[in-house]
Amino acid sequence: MLDHWMHSQVALGLAQALVVSALALTVAWLGHLRKLELGRETATALVRGLLQMLAIGLVLVWLLKGAAWWSIPTLAAMCAAAARMAQGRAKSVPHSYWLCLRAIGTGSTVVIATMALTRVIAFKSMALVPLGSMIIANSMNTCSQVLERYASDLKLNSGRVEAALALGASGQVAALPYAKNATNAALIPSLNSLRSLGIVWIPGFAAGMLLTGSDPVYTAIYQFMVIAMIYASSGVTALVAASGYEHGAFQEERLMVGR
């Protein structure tokens, strides 16, 4: 119906965005009826997300036509922004920004660099930036989930952790059950994506490749490869985030005891 009223593709896209935003705000309003304070955060996220996508769309027009090496500072800037956003969900974690940056940067760099060097991903801006952004975004979510869950579990079970330390256990051993819980919980979305791929959901990336004339079998394999890369990056990010938080938390505790 909207396509009959809108005569330009940009106007049509904005109208569609308004419809989807109205639906999201309705969900936030229903949450408000259940005493969930989602309205302001949802509205802010919708406006911010739309403006950011409009801006990146203009940048990508220029970037994707440029040299491949431009992908490196672009992806680095994405990692820095992702670390800042993940930090917002882990405010109770000391030095959370640098921990998030290290975890997200390590997970994303290991996977993107390996795939680019082995030519699984073409060393072109058109391939590196879109795929890299997907990997970084999922690493960001994993990092924030690990830190939030790990910090919460350690706080709730501080008595058990202190008892284990008093009996001579190392910090790593005392915190092991909570590290496992946090890491497993953070990797559930990536694992579910792998398990349900092709049955419960088909990535939109696949539809785009099919529309451009790619072979359906190659498209299916490529989509599996992308989701597997996301899982690998999320796994590395989760391990680095958990070990970094564990080291910082117990080091801080030892310093306090020493005083």
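The values are calculated or read from the model by the stated rules, or taken from the named source; none is laboratory data. As the structure is a prediction and not an experimental result, all values here were calculated from the model. For neighbour counting, all protein chains shown are included, and Cβ atoms are generated from backbone atoms with ideal geometry for every residue, glycine included. Quick note on the areas: whole protein, heavy atoms, side chains included, nothing else; ligands and nucleic acids left out. Shrake-Rupley method; radii C 1.70, N 1.55, O 1.52, S 1.80 Å.
Select from the stretch 236-254 the residues that are crowded, with 20+ Cβ neighbours inside 10 Å and not hydrophobic (A, V, I, L, M, F, W, C) and write down the one among them that is modelled with the lowest pLDDT.
Glu246
Does at least one position in the stretch 215-223 carry a residue that is surrounded by 14 or more Cβ atoms within 10 Å (Cβ to Cβ), at pLDDT 80 or above and closer than 25 Å to Arg89 by Cβ? Don't jump to the end; show me each part of the working.
Going residue by residue through the stretch 215-223, those that are surrounded by 14 or more Cβ atoms within 10 Å (Cβ to Cβ) are 219-220, 222-223.
Now drop any that are not at pLDDT 80 or above, which leaves 222-223.
Filter once more, keeping what is closer than 25 Å to Arg89 by Cβ: none.
There is no residue in the stretch 215-223 that is surrounded by 14 or more Cβ atoms within 10 Å (Cβ to Cβ), at pLDDT 80 or above and closer than 25 Å to Arg89 by Cβ.
Using the structure shown, decide if Ala86 is in contact (Cβ under 8 Å) with a residue 60 or more places away in the chain, farther than 18 Å from Met126 by Cβ and in a helix (DSSP H, G or I).
Details: in contact (Cβ under 8 Å) with a residue 60 or more places away in the chain: yes; farther than 18 Å from Met126 by Cβ: yes; in a helix (DSSP H, G or I): yes.
Criteria met by Ala86.
Pull up the stretch 153-178, narrow it to residues that are under 16 Å from Ala238 (Cα atoms) and touching a residue at least 60 places away in the same chain (Cβ under 8 Å), then point me to the one that is most open to solvent (accessible area, probe 1.4 Å). So that I can check it myself, show each step before the final result.
Step one: of the stretch 153-178, the residues under 16 Å from Ala238 (Cα atoms) are 153, 172, 175-178.
Checking the rest, the ones that are also touching a residue at least 60 places away in the same chain (Cβ under 8 Å) come to 172, 175.
On the way: Gln172: 123, Ala175: 0 Å².
Restricting to residues being under 16 Å from Ala238 (Cα atoms) and touching a residue at least 60 places away in the same chain (Cβ under 8 Å), the top hit is Gln172.
Working only within the stretch 116-152, note down all residues that are of a type in the set (A, V, I, L, M), closer than 21 Å to Ala76 by Cα and open to solvent by less than 50 Å² (accessible area, probe 1.4 Å).
The first filter runs over the stretch 116-152 and keeps only residues of a type in the set (A, V, I, L, M), leaving 116-117, 120-122, 126-129, 131, 134-137, 140, 146-147, 151.
Filter once more, so that each one left must be closer than 21 Å to Ala76 by Cα: 116-117, 120-122, 126-129, 131, 134-137, 140.
Those that are of a type in the set (A, V, I, L, M), closer than 21 Å to Ala76 by Cα and open to solvent by less than 50 Å² (accessible area, probe 1.4 Å): Ala116, Ile121, Ala122, Ala127, Leu128, Val129, Leu131, Ile135, Ile136, Ala137, Met140.
So, Pro94, is that one touching a helix residue (DSSP H, G or I) at 6+ places or on another chain (Cβ under 9 Å), under 21 Å from Ala228 (Cα atoms) and not aliphatic (A, V, I, L, M) or not?
Numbers: touching a helix residue (DSSP H, G or I) at 6+ places or on another chain (Cβ under 9 Å): yes; under 21 Å from Ala228 (Cα atoms): no; not aliphatic (A, V, I, L, M): yes.
No; evaluated as a whole, the condition is false for this residue.
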